[in-house]
Amino acid sequence: MVADSQYQLKSVESALNVLDCFTASTPELRLVDISRTLEISKVQALRLARTLEVHGFLTRDPRTKYYRLGLRLFQLGMLVQQQSELQRIAHPFLQELAAQSGETARLMVPDCLGPTCIDLVESPRRYKLFGTMGGPSPWHAGTSTKLLLAFQPVTKQEEILAGSLAQYTPHTTTDPDKLREQLSTIRDQKYHISAGDIEEHATALAAPIYDWTGEVVAAISVSGPSSRIEKTGEETVLRWVRAAADDISRSLGYIQNGENHLSASIRYQ
C-alpha cells in the first residue's frame, strides 16, 4: 500500500531511491549511474550519496570511485533477522505461559523510540488485559518496559529520566531518583513485578531474555487483573515467567555463569 503523500518527506524518499538503485546485478555504481537511473543532476546525486555515506548506508571505494551498500544496512538486516528468530523461538513459550497462567503473555524488545511488543498471546478468558503489537511504549512505566530500561546503558537511562515522564495512574513513578532505585533493584533481582502503574487493578511480572553475549535483548511477561494474579500466586507466576525466559535465553546461546558474556558491572556503565 502506498503511504499517504501528506506524510512523506521528499528528501527521505530521494535517499531511499538511491538505495533502491543497487541490486544483485548492480552491486556497485558510479555517481553518474545513480544520476542517470534516477534522472537527477550529478550535484543532487552527490549530495544524497554523500549523506548516505556519512551515516554508513553507502561506502565509496576511493580508488575506483564506485559506491556500494554500507555496513549499516547489514547491521539493520541482522537486527531484523535476530528479532524474527527471537519471535520464532519465544512464541511457543508465550503460548505455554498464557495457558499456564490464564493471562496475557508478551514479548518486548528495546527500540530507540521505546520498548516494542513484537509478539503476544492473549488470555483465553473473557475478562483480560488486551495487548497490542508494535509500539513504542513508555520506558519508565510498565513491567517489561521498565525491566528493559534497567538493562540499558546508564547514558540511555539518564536520557530517559531527564525527559518528560507521564503519570498514567496514581501508582506511576515519575521521580527520577526513585526510578534509579527501582532500576538498580531490577538489575539485582533480574525480574520485575509491577501493579497499577499503567493500568489500575492490573499486575504484571517480567523477566529478561539474554543472547549469547549476555546482553538483555528482550523481556517476557505475564499480565492480568491483580485479583486473579494474586489468586494464582505471584511467586508461582513469576516462576513460570523466569523459567520461560531462561529457556529462551539458552535457545539463543546464553550460558548462565559462563565465560561468553560480560559482567553487568561492565555492560551497564
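Quick check: is even one residue across segment 194-207 closer than 28 Å to G102 by Cα, part of a strand (DSSP E or B) and either of a type in the set (F, W, Y) or not assigned by TED's automatic domain parsing to the domain that holds R250 (or both)?
No, the conditions are met nowhere in segment 194-207.
At least 3 residues that are within 23 Å of A141 (Cα to Cα) in each: list the helices (runs of 4 or more DSSP H) lying fully within segment 15-128 that qualify.
Per the criteria, 71-101.
Kindly indicate whether V217 is farther than 17 Å from V121 by Cβ, assigned to a strand (DSSP E or B), assigned by TED's automatic domain parsing to the domain that holds L120 and among the β-branched types (V, I, T).
Here the answer is yes, as V217 does meet what is asked.
Residue check: is L97 assigned by TED's automatic domain parsing to the domain that holds Y210, surrounded by 15 or more Cβ atoms within 10 Å (Cβ to Cβ), touching a residue at least 40 places away in the same chain (Cβ under 8 Å) and touching a helix residue (DSSP H, G or I) at 6+ places or on another chain (Cβ under 6 Å)?
Spelling it out, L97 is indeed assigned by TED's automatic domain parsing to the domain that holds Y210, surrounded by 15 or more Cβ atoms within 10 Å (Cβ to Cβ), touching a residue at least 40 places away in the same chain (Cβ under 8 Å) and touching a helix residue (DSSP H, G or I) at 6+ places or on another chain (Cβ under 6 Å).
Name, by its number, the condition in (1) surrounded by 20 or more Cβ atoms within 10 Å (Cβ to Cβ); (2) in contact (Cβ under 8 Å) with a residue 40 or more places away in the chain that does not hold for L179.
Result: L179 fails condition (2) only.
Within segment 129-177, which residues are among the aliphatic types (A, V, I, L, M), closer than 12 Å to P115 by Cα and part of a loop (DSSP other than H, G, I, E, B)?
M133, A141
What number of residues in segment 88-128 are under 10 Å from V222 (Cα atoms) and among the basic types (K, R)?
1
Considering only residues of segment 152-176 that are within 21 Å of the chain's Cα centre (by Cα) and among the hydroxyl-bearing types (S, T, Y), which is modelled with the highest pLDDT?
T155
Condition check ((1) more than 30 Å from R125 (Cβ to Cβ); (2) crowded, with 17+ Cβ neighbours inside 10 Å; (3) more than 25 Å from the chain's Cα centre (by Cα)) across all residues:
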position	(1), (2), (3)
G56	yes, no, no
G70	yes, yes, no
Q75	yes, no, no
E85	yes, no, no
A90	no, yes, no
E103	no, yes, no
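Is there a residue in segment 229-245 that is surrounded by 18 or more Cβ atoms within 10 Å (Cβ to Cβ), closer than 14 Å to M108 by Cα and out of contact with any Leu (no Cβ under 7 Å at 6 or more places or on another chain)?
There is at least one residue in segment 229-245 that is surrounded by 18 or more Cβ atoms within 10 Å (Cβ to Cβ), closer than 14 Å to M108 by Cα and out of contact with any Leu (no Cβ under 7 Å at 6 or more places or on another chain).
Name the residue, out of V216, V222, that is more than 21 Å from L161 (Cα to Cα), at pLDDT 95 or above and within 20 Å of the chain's Cα centre (by Cα).
Only one candidate qualifies: V222.
The values are calculated or read from the model by the stated rules, or taken from the named source; none is laboratory data. In this text the structure is predicted, and so the values were computed from the model without any measurement. Backbone-built Cβ (ideal geometry, glycine too); neighbour counts: all protein chains shown.
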